[in-house]
Amino acid sequence: MIDFSHITKSYPNGDIVLDDVNFSVSPGEFVIITGKSGAGKTTLGRLLIRDLLPTKGKIVIDGEDLNQIKPKYIPIIRRKVGFVFQDYKIIPDKTIGENITIALEIGGYNRKKIQEKITELLKMVGIPGKEYLFPGQLSGGEVQRAAIARAIACEPAILFADEPTGNLDKDTSIEIFNLLKKINDDGTTVILATHDVTLIGLNPDRNIHLEKGKIVSDVDGLPAGKEGKPPSTPVIASLVPEPKQPARPAGGSHTTNRKIKSK
Amino acid sequence: MNTALKNIRRSPFQALSAVFIISLTLFVVGIFSLVTFASHIILLNFETKPQIIAYLKDDHTTDQVAGLISNMTTTQGVKNAIYISKQDALEIYKKSVGNDPVLLGTVTDWGIVTADILPASIEITASDPSAFNTIVSILEKSDIVSATPQGKKEIDFPQDVISELTKWTNAIRGAGLILIIALTVVCILTVMIIISMKISGRRTEISTLKLLGAQNIYIIKPYITESLIYGLSGAFFGWTFSYIALLYSTPFLAPRLGGVISFPIPFWVNLFLLIGLLAFGLILSLISSLFAAARFVKRSR
């Protein structure tokens with residue numbers, strides 16, 4: 001379904017973001033792409049929706065070479081690939097319902113069908129009845145759910161979620177992950193780009209790890225029955241941030257300072 | 001439509017300036033259309049009316065009249081020449097005073113108005129105003145054309161009124177056309193800048209729409225709709241202002257042009273004007289928004 005073949009992406013300043021990346025994703029797969037910030041995860045997603053062109057290599061989706069398609073067909077490709085953005089990209093002055101309506105209108109749904117679809121989507125992502133609220137009236141997790149609802153509104157064959165839990169707490173992150181898993185169970189191919197170690201441990205399918213634009217590992221996920229526990233692999237270790245300062249002893253100067261401030 | 005209306009509500013002053021400039025342009029277009037229409041009717045009136053009238057002596061004979069008419073019709077630049085008898089002259093007089101018994105009974109220096117006191121005449125319509133001098137010189141030589149006691153032949157002709165009128169109306173039309181073109185260009189540029197600003201102001205939203213797979217037409221449709229709303233409302237206001245101007249100027253114009261143009265101006269003229277201005281407003285706003293959208297499409301490739 002998706003084939004990245006010898007993909008290299010460099011920018012005019014000489015930065016190589018992706019370096020000879022090769023991988024394929026089959027229909028219905030759930031793939032987690034991991035890597036530190038700047039490893040090239042977002043670039044992969046942008047290449048997938050033809051927001052960027054590779055410097056070298058070929059990307060094929062459903063037999064269509066993205067390098068070769070005419071500009072007028074780019075919107076059609078983008079409708080095939082639902083995209084969940086790290087910063088949500090929910091239009092702030094439109095209600096949640098209106099945001100989803102845009103995606104549905106782009107997908108060619110009629111007015112009557114749109115209302116039914118919005119109700120169904122919001123129920124599916126766990127925020128039923130919130131279509132009349134503005135993004136500013138929702139929590140971060142709820143906005144991300146709305147963004148997912150918008151991304152899957154036109155039932156795309158592929159869903160690319162770029163750091164969907166980047167701004168969320170652990171529990172909400174797990175809820176979002178479970179939602180993506182549910183979407184995957186319904187038949188959508190899901191690619192999740194993340195550096196959230198909590199999520200990596202939840203994926204029973206496939207993990208691709210990127211470092212400095214190169215794929216350093218492409219392995220199946222957790223063995224059956226181990227879901228929910230992060231595997232202690234080099235992949236996880238590389239994503240856990242190193243402490244910048246030595247840990248403070250409990251009840252030490254930190255506590256003392258707080259006491260002084262509170263006076 | 002909803003997005004377009006929301007865009008208008010969000011920036012009411014930009015919308016107001018767009019509607020104002022379109023209204024102003026179309027008001028001027030409306031006024032000049034009416035002026036052109038009126039000048040056309042005035043010219044038509046002058047052209048179809050006899051332009052040279054030669055009054056005849058009372059003792060003329062039918063043969064003499066026939067000879068003069070024949071002479072006139074064979075002269076180059078003469079469209080037609082007709083004989084108006086004393087009785088015909090009375091009928092024309094009656095028509096011009098509207099059968100008013102007071103005016104018909106007016107006692108003049110020659111007594112009460114009857115056919116006897118009105119002179120017979122020959123009325124000549126020229127197809128070319130430059131033939132006036134030739135026609136007048138033929139009439140002056142004719143024996144049956146009456147003369148004043150000072151010996152001056154009684155010939156009425158507007159000299160070069162028509163050519164002057166044509167010259168003036170053409171000058172007014174030319175000036176109007178230049179003004180309309182200038183205002184149209186300003187109008188297109190203003191609306192284009194306003195729409196471009198609106199598109200620029202929502203660049204982030206537009207980039208999101210593009211990432212969601214929206215076609216350019218989907219993205220620019222609300223802006224084109226917004227521009228069309230400006231065009232239609234501007235046209236309507238422009239028409240309203242020109243209609244009000246026409247109503248206010250009717251008491252001034254009616255006595256001066258009453259014989260040529262019927263006042264009040266018939267409703268169908270105003271209806272045609274409204275339809276014309278709406279069409280012009282639509283075209284104008286469509287061109288403006290398409291220019292703005294084309295710039296956006298070019299930049300967002």
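The numbers here are math on the coordinates, done by the rules we state, and not lab data. Only a predicted model underlies this, so the values are computations on that prediction, with no experimental measurement involved. Quick reminder, even Gly has a Cβ in these numbers, built from the backbone with ideal geometry, and neighbours come from all protein chains shown.
Quick notes on this one:
- Based on C-alpha pairs under 8 angstrom that are at least 6 apart in sequence, chain B has a relative contact order of 31 percent.
- Descending by average beta-carbon neighbour count within 10 Å, the peptides A:69-80, A:92-103 line up as A:92-103, A:69-80, the highest first.
- Amide H contacts under 5 Å for residue B:84: B:121, B:122, B:123, restricted to partners 5 or more places along the chain or on a different chain, H placed in the peptide plane at 1.01 Å from N.
- Restricting attention to the protein assembly as shown, close to 65% of DSSP beta bridges with both partner residues there are antiparallel.
- Cross-link partners of residue B:167 among aspartates and glutamates, defined as those whose alpha carbon lies under 18 angstrom from its own and excluding same-chain residues fewer than eight positions apart: B:47, B:128.
- Highest mean packing first, where packing is the average number of other Cβ atoms within 10 Å per residue, the peptides A:26-34, B:37-45 line up as A:26-34, B:37-45.
- Going from the fewest other Cβ atoms within 10 Å to the most, the residues A:123, A:9 appear in the order A:123, A:9.
- Global geometry of the protein assembly as shown, whether rounded, prolate or oblate, following the gyration tensor of its Cα atoms and the 1.5 cut on a/c: prolate
- Rounded to whole numbers, the Karplus 3J(HN,Hα) couplings from phi for region A:189-194 are 6, 10, 10, 10, 9, 7 Hz, using 6.51 cos²θ - 1.76 cosθ + 1.60 with θ = phi - 60°, and x at Gly and Pro.
- Positive dipole terminus of the protein assembly as shown, leading residue within B:56, B:13, A:60 (C-beta point charges): A:60
- All lysines inside 20 Å of residue A:123 as judged from Cα atoms, apart from same-chain residues fewer than 8 positions distant: A:94, A:112, A:113, A:181, A:182
- Charge dipole (the protein assembly as shown, unit charges on Cβ, about Cα centre) - positive-most of B:171, B:42, B:291: B:291
- Exercise: per-residue mean of other protein chain Cβ atoms within 10 Å, B:212-222: 5
- For the segment B:203-209, counting C-beta atoms of other chains within 10 Å of every residue's C-beta and taking the mean gives 4.
- Residues B:168, B:239, B:268, ranked from the fewest to the most other C-beta atoms within 10 Å, line up as B:268, B:168, B:239.
- Backbone geometry of region B:30-42 corresponds, through the Karplus equation with coefficients 6.51, -1.76 and 1.60 at θ = phi - 60°, to 3J(HN,Hα) couplings of x, 5, 5, 5, 5, 5, 5, 4, 5, 5, 5, 5, 4 Hz, x marking Gly and Pro.
- The 3J(HN,Hα) values that the Karplus relation (6.51, -1.76, 1.60; θ = phi - 60°) gives for region B:4-18 are, in residue order, 4, 5, 5, 4, 5, 5, 5, 10, x, 6, 5, 4, 5, 5, 5 Hz. Gly and Pro appear as x.
- Taking amide hydrogens as placed 1.01 Å from N in the peptide plane, the amide H of residue A:19 sits under 5 Å from those of A:9, A:214, each at least 5 positions away in sequence or on another chain.
- Under-5 Å amide H pairs with residue B:147, H placed in peptide plane, nonlocal only: B:154
- Whichever lysines have a C-alpha closer than 19 Å to that of residue B:95, once near sequence neighbours (fewer than 8 apart) are set aside: B:49, B:86
- Sorted fewest first by neighbouring Cβ atoms within 10 angstrom, A:1, B:72 come out as A:1, B:72.
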